[in-house]
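Below: the structure, in structure tokens.
The values are calculated or read from the model by the stated rules, or taken from the named source; none is laboratory data. These figures come from a predicted structure and were not determined experimentally. Neighbour counts are summed over all protein chains in view; Cβ atoms, including those assigned to glycine, are modelled from backbone coordinates with ideal geometry. These area figures cover heavy atoms from the full protein model, side chains too; ligands, DNA and RNA do not enter into them. Shrake-Rupley method; radii C 1.70, N 1.55, O 1.52, S 1.80 Å.
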Amino acid sequence: MKHKNVREVALDVLLAIDEKEAYSNLLLNQTIRSARLPERDTGLLTELVYGTVQRRDTLDYYLQPFIKKAHKLQKWVRMLLRLSLYQMLYLDRIPDRAVIFEAVEIAKKRGHRGISSMVNGVLRAVQRDGVPSVDEIQGDVERLAVKTSHPYWLVKRWASQYGLQETEKICMANLTAPKQTARVNTVLATVDEVIAMLEEEGTEVERGELAEEAIRAKKGNLVDTKAFRNGYMTIQDESSMLVARALHPSEHERVLDSCAAPGGKSTHIAELMKRTGQVISLDVHEHKVKLIKQQAERLHLPNIAAYVLDSRQASQYFARESFDKILVDAPCSGFGVIRRKPDIKYAKNEKDLRELARLQLAILREVAPLLKRGGTIVYSTCTIDHDENEEVVAEFLRLHPEFTVDDTLSERLPEKVRPYVANGQLRLLPHYFDSDGFFIASLRKKV
């Protein structure tokens, strides 16, 4: 049986993302494993899928003048046009004639002659006439939304929180490809030793910019190395690595990670404790708890105990004031990781943000009594929205006068990020250090 070529596979993935509302990164990884594409095509597949999703609204704006009765287009035809136009506009190394030929061939396979003729006509018209300029759009917010392919409501919201100029930087950063970074397991080896291991395997890496345990891939996939399989590192963004540093666990302490899957922060905490004490890691889903346990085993960290439990019920299972430190890495909109999961920006709405903020506050309030006096709660999210971050913290402090902001947070963080710490809280936007957008707040329970 003849295998599908890379563009047909990309179209299948794009349709599955749209129809099943599946996360692009998870579906893409599954497809790469199952499609049996030549190694040279996996990079192109990733670029085609991410690029087409990232630029969806911009591509639709460009296509609009060339499509009559756009509302009657079958979903796969619209997706094929987006995929093809993305290649024509953003991938210089692929000639237009090759893109158009492939698109017409796919249209012939999936549809009738009329559809393939229409696809050919639309793409050749774009090639001949060029696409409309986004500068023709009148309103600043709408123009930025179309230019960067972000929902209008979200751009308007960020503009009210950060100003239009900063919002444009955020949106443009979300269109760039993320770098692969990893956290070295310093229990087993030093950063220099792991870099040497990787170079022996033919993988090019460099030290990270923010976290002292971080390395950054320059060439090669870190997951496909013996160093990764043998537990010398784990894949994690540098912003995320700052969370365990903010918590600052000490040896022999008892720490609760209340929303722990897939285990990146739990394992970092366990490493910082040098495999002493105990890290209790919770998640509401059994299959995600399994991931935490697998991570702990791979990284040789026996001081992690993972349980299936909704953290909003934690006080029913753990004694009051029984933890030295608590991490609430709360479920959130994920708007800080749009470059890794570009479909997120289309999947959420303002109602979702309000519901998430209520959930975040509920988790914080539930675990607060479990913390010892003088102990620390770190609240973190991978979003940049005020309502899920600063507003949740402010409401928690209003309802819990036994807590106060921790003004010593900046002392535990790298010097580069200290200018972004205020009132015991750190907010990193994605364009600051070319990392994920992140929020970290440290709160101390009064003695």
If one compares the long axis through the Cα atoms of helix 96-110 with the longest principal axis of the Cα atoms of the chain, the angle in degrees, nearest 10, works out at 90 degrees
Here the net charge surrounding residue 141, from other residues whose Cβ is less than 14 Å away from its Cβ (Lys, Arg +1; Asp, Glu -1), is -1
Expected sort for 402-412, 331-341, 354-364 on mean C-beta neighbours within 10 Å, highest first, is 331-341, 354-364, 402-412
A 1.4 Å probe over the protein heavy atoms gives the chain a carbon and sulfur accessible-area percentage of 47 percent
With all protein chains in place and a 1.4 Å probe, residue 248 shows an accessible area in Å² (nearest 10) of 100 Å²
When the charge dipole of the chain is computed with +1 at the Cβ of Lys and Arg and -1 at the Cβ of Asp and Glu, the Cα pointing farthest to the positive end, of 154, 107, 231, is that of 107
Sorted on mean Cβ neighbours within 10 Å (highest first), peptides 387-396, 204-213 come out as 387-396, 204-213
Taking a straight Cα-to-Cα line shorter than 21 Å from residue 69, and setting aside same-chain lysines fewer than 8 residues away, one finds 108
Of all DSSP beta bridges with both partners in region 213-346, the antiparallel percent, nearest 5, is 0 percent
Answer in debye to the nearest 20: the dipole magnitude of region 47-162 about its Cα centre, from +1 Lys/Arg and -1 Asp/Glu charges placed on Cβ, is 620 debye
About its Cα centre, region 308-415 carries a charge dipole, from +1 on Lys and Arg Cβ atoms and -1 on Asp and Glu Cβ atoms, whose size in debye to the nearest 20 is 340 debye
Under the Karplus relation with 6.51, -1.76 and 1.60 and θ = phi - 60°, whole-Hz ³J(HN,Hα) for region 53-68, x at Gly and Pro, equal 5, 4, 9, 3, 5, 5, 4, 5, 4, 5, 7, 3, x, 9, 10, 8
Computed for the chain: size of charge dipole around the Cα centre, +1 on C-beta of each Lys and Arg, -1 on C-beta of each Asp and Glu, debye to nearest 20, value 1500 debye
Rounded to the nearest 10, the angle in degrees between the Cα long axis of helix 286-298 and the longest principal axis of the Cα atoms of the chain comes to 70 degrees
Excluding residues fewer than 8 positions from residue 348 in its own chain, the lysines with Cα under 20 Å of it are 20, 147, 156
Relative to the chain, whose Cα atoms define the longest principal axis, helix 191-200 and its Cα axis are tilted in degrees, nearest 10, by 40 degrees
Under 5 Å from the placed amide H of residue 306, counting only residues 5+ away or on other chains, we find 281
The answer for region 306-447, accessible area per residue at 1.4 Å probe in Å², is 41 Å²
The lysines whose Cα lies under 26 Å from the Cα of residue 325, excluding any fewer than 8 residues away in the same chain, are 265, 274, 288, 290, 293, 372, 416, 445, 446
Residue by residue through region 373-379, the couplings from Karplus 6.51 cos²θ - 1.76 cosθ + 1.60 with θ = phi - 60°, in Hz, x for Gly and Pro, are 5, x, x, 10, 9, 10, 10
